[in-house]
Amino acid sequence: QGQLVESGGGLVQAGGSPRLSCVASRRTFSSYIMGWFRQAPGKGREFVAAITWSGSNTYSDSMKGRFTISRDNNKNTVYLQMNSLKPEDTAFYYCAARSGRIVYIAVAGYDYWGQGTQVTVSS
């Protein structure tokens, strides 16, 4: 349905610092909890980070310190700044949204999903 559209992926060298963006088509998403997930080849989709409408962040322990989630509610956009990328960060990265006030780290907790953007990290 194209309600969430990610961009910013591509081929990156190890150690690189790309920033992913996710634009939401509906103004109501500014009040939603927004999340980033990723899925590596042959693996399940895993939680990366989430942010509430007020800017409170939650991170996966394995990515905390390297990744930063932020949002601009005026632009209906959520960002994922990724630093010091490693080849094992290669994955499809997905933006997701859920209503409510509780942050979930499970895939099932999110109602809306983007199509994803591929990030490939070369060594």
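The values are calculated or read from the model by the stated rules, or taken from the named source; none is laboratory data. This is a predicted model, so every value here is computed, not measured. No Cβ is skipped: glycine too gets one built from the backbone with ideal geometry, and neighbour counts run over all protein chains shown. We work out accessible area using only protein heavy atoms, side chains counted, and drop any ligands, DNA or RNA first. Shrake-Rupley method; radii C 1.70, N 1.55, O 1.52, S 1.80 Å.
Data table
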{"read-out": "Subset of segment 12-57 (residues that are part of a strand (DSSP E or B) and basic (Lys, Arg))", "value": "19, 38, 45"}
{"read-out": "Residue 101 vs. criteria closer than 21 Å to residue 31 by Cβ and in a loop (DSSP other than H, G, I, E, B)", "value": "yes"}
{"read-out": "Single unsatisfied condition, residue 37 versus (1) open to solvent by less than 40 Å² (accessible area, probe 1.4 Å); (2) touching a Ser or Thr at 6+ places or on another chain (Cβ under 8 Å)", "value": "(2)"}
{"read-out": "Scan of segment 113-123 for residues that are at pLDDT 95 or above and either assigned to a strand (DSSP E or B) or over 17 Å from residue 49 (Cβ atoms) (or both), ordered by number", "value": "113, 115, 117, 118, 119, 120, 121, 122"}
{"read-out": "Search result, residues across segment 1-34 that are open to solvent by 30 Å² or more (accessible area, probe 1.4 Å), under 24 Å from residue 123 (Cβ atoms) and in contact with a strand residue (DSSP E or B) (Cβ under 6 Å, 6 or more places away or on another chain)", "value": "8, 9, 11, 13, 14, 19"}
{"read-out": "Top-ranked residue of segment 55-98 - restricted to ones that are on the phi > 0 side of the Ramachandran plot and free of Cβ contacts under 8 Å to residues at least 40 places away in the same chain, ranked as least open to solvent (accessible area, probe 1.4 Å)", "value": "55"}
{"read-out": "First in segment 34-48 and closer than 13 Å to residue 117 by Cβ and at pLDDT 95 or above, second anywhere and part of a strand (DSSP E or B) and of a type in the set (S, T, N, Q), Cβ under 6 Å, 6 or more apart", "value": "none"}
{"read-out": "Filtered residue count, segment 70-97, keeping only those that are β-branched (Val, Ile, Thr) and within 19 Å of residue 111 (Cα to Cα)", "value": "2"}
